[in-house]
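Q: Below you'll find the structure I mean.
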Amino acid sequence: MSSSVSWDHSLREFLQQAGSSSPTPGGGSVAAVAAALGASMTSMVGNLSQGEKFALIQPQIDEAVFKMNSLIARCEELLQADIASFNRYMDALKLPKGTDEEKFARRGALHEATIQAIEVPLRIVELCRDGLVCTHGIAASCNKNVISDLGIGAILFEAAAQSALLTVEINLASFKDAELKLHYEHKLRELIDEVGELKGKALQITRERIWS
C-alpha cells in the first residue's frame with residue numbers, strides 16, 4: 001500500500017513515511033526533496049548577497065534566486081509525479097493476462113508505465129544540472145560569509161542527481177525497447193558527467209574562497 005505525501009507534510013511526517021514499509025515515498029521522491037534542499041541553499045546565498053557591495057552582479061544573483069524558487073516548485077511536482085508513476089506501474093502489473101488481448105493490453109500498459117518511471121527521475125537529474133549551473137555561476141561572486149552553504153547546495157544537487165540516476169537505472173534495466181533504452185542510457189551518461197563537472201567546479205571555488 002502506498003502513502004500520499006506532499007510539501008505540506010512536516011519533515012517528521014515525511015521521514016516517518018519514507019522510513020516505513022510503504023514503497024512510497026521512495027528514492028525518486030527523496031531525490032526530489034534533496035534537489036529542493038540544494039536549491040534552497042543556493043537561494044539563501046543569493047538572498048544574502050544583496051546591497052551595494054553586490055550591485056554589479058545583482059542581476060545574476062536575482063536571476064539565480066528566481067530560478068531556484070522555480071526549481072523548488074518543480075521538485076514538488078516531480079515528487080508527486082514519482083509517486084504517481086509508481087502507482088501506475090503497480091496498477092499495470094495487476095491487469096488481467098488470461099487472453100491474448102489482455103496480455104497485449106497489459107504489455108502496453110507496463111511499457112508506458114515504465115517510460116513514466118524513467119522520465120520522472122530523469123527530469124530530476126536535469127533539474128539538478130540546471131541548479132548546479134546557477135550554483136557554479138554565483139560561486140565566485142556571492143557573499144563569502146555563506147560560501148560554505150553554497151558548496152552544500154552543490155553537494156546536495158549532485159547527491160539528488162545520483163539518487164535519481166539509480167531510480168532511472170533500476171527501471172531501465174528491465175526495459176524492453178532496445179532503441180529507446182540506448183537513448184536514455186546515452187542521455188544519462190551526458191547528464192551525470194555534466195553534474196559531476198559542475199559540482200567539482202563549484203566546490204573548488206567554494207574551498208578556494210573559504211581558505212583565501
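Here, each number is a calculation from the coordinates, and none is a lab measurement. Predicted, not measured: the structure shown is a model, and the values here were computed from it. Positions of Cβ are backbone-derived with ideal geometry, glycine not excepted, and every protein chain shown enters the neighbour counts.
Q: Confirm whether Thr24 is buried (at least 21 other Cβ atoms within 10 Å of the Cβ), in contact with a Ser or Thr (Cβ under 6 Å, 6 or more places away or on another chain) and not in a helix (DSSP H, G or I).
A: Numbers: buried (at least 21 other Cβ atoms within 10 Å of the Cβ): yes; in contact with a Ser or Thr (Cβ under 6 Å, 6 or more places away or on another chain): yes; not in a helix (DSSP H, G or I): yes.
Yes: the conditions hold for Thr24.
Q: I've got another one for you. If you check Phe175 against the conditions, is it among the aromatic types (Phe, Trp, Tyr) and under 20 Å from Gly38 (Cα atoms)?
A: no
Q: With in a helix (DSSP H, G or I), free of Cβ contacts under 8 Å to residues at least 60 places away in the same chain, of a type outside the set (Ser, Thr, Tyr) and out of contact with any His (no Cβ under 7 Å at 6 or more places or on another chain) as the only criterion, which of Ala81, Ala31 stands out?
A: On the way: Ala31 fails: free of Cβ contacts under 8 Å to residues at least 60 places away in the same chain.
The conditions single out Ala81.
Q: Turning to a different aspect of this structure: For region 92-103, state whether one or more residues are among the β-branched types (Val, Ile, Thr) and farther than 19 Å from Val45 by Cα.
A: Yes, region 92-103 contains at least one residue that is among the β-branched types (Val, Ile, Thr) and farther than 19 Å from Val45 by Cα.
Q: Given the conditions (1) under 31 Å from the mean Cα position of the chain (by Cα); (2) more than 24 Å from Asp130 (Cα to Cα), and given that Thr99 satisfies all but one, which numbered condition is not satisfied?
A: Every listed condition holds for Thr99 apart from (1).
Q: With Val125, Val120 as the choices, which residue is in contact with an Asp or Glu (Cβ under 9 Å, 6 or more places away or on another chain), within 17 Å of Arg74 (Cα to Cα) and in a helix (DSSP H, G or I)?
A: Val120 is the lone residue from the list that is in contact with an Asp or Glu (Cβ under 9 Å, 6 or more places away or on another chain), within 17 Å of Arg74 (Cα to Cα) and in a helix (DSSP H, G or I).
Q: So which residues in region 105-140 are free of Cβ contacts under 8 Å to residues at least 60 places away in the same chain and more than 20 Å from Leu172 (Cα to Cα), if there are any at all?
A: The answer is Ala105, and nothing else.
Q: Let me ask something else. Take the residues in region 33-73 that are closer than 18 Å to Ala159 by Cβ and of a type in the set (S, T, N, Q); name whichever of them is surrounded by the most Cβ atoms within 10 Å (Cβ to Cβ).
A: Thr42
Q: Of the numbered conditions (1) touching an Asp or Glu at 6+ places or on another chain (Cβ under 8 Å); (2) without any contact (Cβ under 8 Å) to a residue 24 or more places away in the chain; (3) within 29 Å of Gly137 (Cα to Cα), Leu95 fails exactly one; give the number of that condition.
A: Condition not satisfied by Leu95: (3).
Q: Can you tell me which of (1) hydrophobic (A, V, I, L, M, F, W, C); (2) under 25 Å from Glu194 (Cβ atoms); (3) buried (at least 21 other Cβ atoms within 10 Å of the Cβ) is the one Phe86 doesn't meet?
A: Every condition holds for Phe86 apart from (2).
Q: Condition test on His136, is it within 20 Å of Ser85 (Cα to Cα) and either part of a helix (DSSP H, G or I) or charged (D, E, K, R) (or both)? Before you say what the answer is, go through the steps one by one.
A: Values: within 20 Å of Ser85 (Cα to Cα): no; either part of a helix (DSSP H, G or I) or charged (D, E, K, R) (or both): yes.
For His136, the condition - within 20 Å of Ser85 (Cα to Cα) and either part of a helix (DSSP H, G or I) or charged (D, E, K, R) (or both) - is not met.
Q: For region 187-202, state whether one or more residues are assigned to a helix (DSSP H, G or I), farther than 26 Å from Gly26 by Cα, of a type outside the set (D, E, K, R) and touching a helix residue (DSSP H, G or I) at 6+ places or on another chain (Cβ under 7 Å).
A: We begin by selecting, within region 187-202, every residue assigned to a helix (DSSP H, G or I); these are 187-202.
Applying the additional criterion that residues be farther than 26 Å from Gly26 by Cα yields 197-198, 200-202.
Add one more test, that the residue is of a type outside the set (D, E, K, R), and what stays is 198, 200, 202.
Okay, now just the ones that are also touching a helix residue (DSSP H, G or I) at 6+ places or on another chain (Cβ under 7 Å), so 198, 202.
Checked against the condition, which is being assigned to a helix (DSSP H, G or I), farther than 26 Å from Gly26 by Cα, of a type outside the set (D, E, K, R) and touching a helix residue (DSSP H, G or I) at 6+ places or on another chain (Cβ under 7 Å), region 187-202 yields at least one hit.
Q: I would also like to ask the following. Please determine whether any residue of region 142-149 is buried (at least 19 other Cβ atoms within 10 Å of the Cβ), in contact with a helix residue (DSSP H, G or I) (Cβ under 6 Å, 6 or more places away or on another chain) and not in a helix (DSSP H, G or I).
A: Yes, there is a match, as at least one residue in region 142-149 is buried (at least 19 other Cβ atoms within 10 Å of the Cβ), in contact with a helix residue (DSSP H, G or I) (Cβ under 6 Å, 6 or more places away or on another chain) and not in a helix (DSSP H, G or I).
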